[in-house]
Amino acid sequence: VYEHLYEIGDNQGWKPSEAIEMTQKAENIFEGTFEFTKEDDVNYFAFITVKPETDDWTLTNANRFGGATNNELVVNDGTYNLAVGELCLTANAGTYTFVVNLNTKTASVKLGDSAINNLNGEEQVTKVIKNGQLYIIRNGVMYTATGALVE
């Protein structure tokens, strides 16, 4: 059983210590909405179950889920098989919602302006993008994608 899942990729500069935690929806099932901004190239990303305090790639790669065939395709709406190890998925610029099921080793992808749901147990929060960064509005208060209050 996995307690946590994080998204890591070009949208965080490939720093494992800055990976963004996804919301646990059920046992081994996680959801998250992330923006990728590289316009002229694909954005590489993967999921990790352990977020290191430093950029320890040995630890990260041992707990990493990426495309079953590394870098084979650019994700769009649909479901993709995952495998463990130094593997990546790719995405064009845009905002994507992922539901990762580690029971079936799949990632379901939806491209578009889906809301981030269930942050800290609350439903129906709204996402907003300012200066290329993803924020969430809940009860009129702005938070970062990881849930930190924006002063």
TODO: Name the residues whose placed amide hydrogens come within less than 5 Å of the amide hydrogen of V75, ignoring near sequence neighbours (fewer than 5 apart) on the same chain.
DONE: T90, A91, N92
Task: Amide proton proximity set for M142, modelled H, under 5 Å, gap of 5+ - done: V150
Task: Top positive-direction residue, dipole computed over the stretch 10-91 with Cβ charges, set G32, Y80, N63 - done: N63
TODO: Could you pull the accessible area for K127 with a 1.4 Å probe, rounded to 10 Å²?
DONE: 30
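Run the numbers on the chain and let me know its relative contact order in percent, using alpha-carbon pairs under 8 Å that are six or more apart.
Numbers: 354 pairs, mean separation 29.2, N = 151.
Computed over the chain, the figure is 19 percent.
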Open item on the list: Connecting C-alpha atoms closer than 10 Å in a GNM of the chain, tell me which of A19, A91, A62 has the biggest fluctuation.
Closed with: A62
Task: FRET efficiency, 1/(1 + (r/R0)^6) with R0 30 Å, evaluated for E151 and L59 via beta carbons - done: 0.40
Open item on the list: At 1.4 Å probe size, what's the solvent-accessible area of L149? Round to the nearest 10 Å².
Closed with: 90
Task: Counted charge near A46, where neighbours are those whose Cβ lies closer than 12 Å (Asp, Glu -1; Lys, Arg +1) - done: -2
Task: ³J(HN,Hα) computed for each position of the stretch 24-29 - Karplus, 6.51 cos²θ - 1.76 cosθ + 1.60, integer Hz, glycine/proline x - done: 6, 9, 6, 4, 6, 10
Task: Solvent exposure, largest accessible area first (probe 1.4 Å, DNA, RNA and ligands not counted), of M142, M22 - done: M142, M22
Open item on the list: With a 1.4 Å probe and all protein chains kept in place, how much accessible area does I29 have, in Å² rounded to the nearest 10?
Closed with: 40
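The values are calculated or read from the model by the stated rules, or taken from the named source; none is laboratory data. Keep in mind the model is a prediction, meaning the values are calculated, not measured. Note that we place each Cβ from the backbone using ideal geometry, even for glycine, and neighbour counts take in every protein chain shown. Quick note on the areas: whole protein, heavy atoms, side chains included, nothing else; ligands and nucleic acids left out. Shrake-Rupley method; radii C 1.70, N 1.55, O 1.52, S 1.80 Å.
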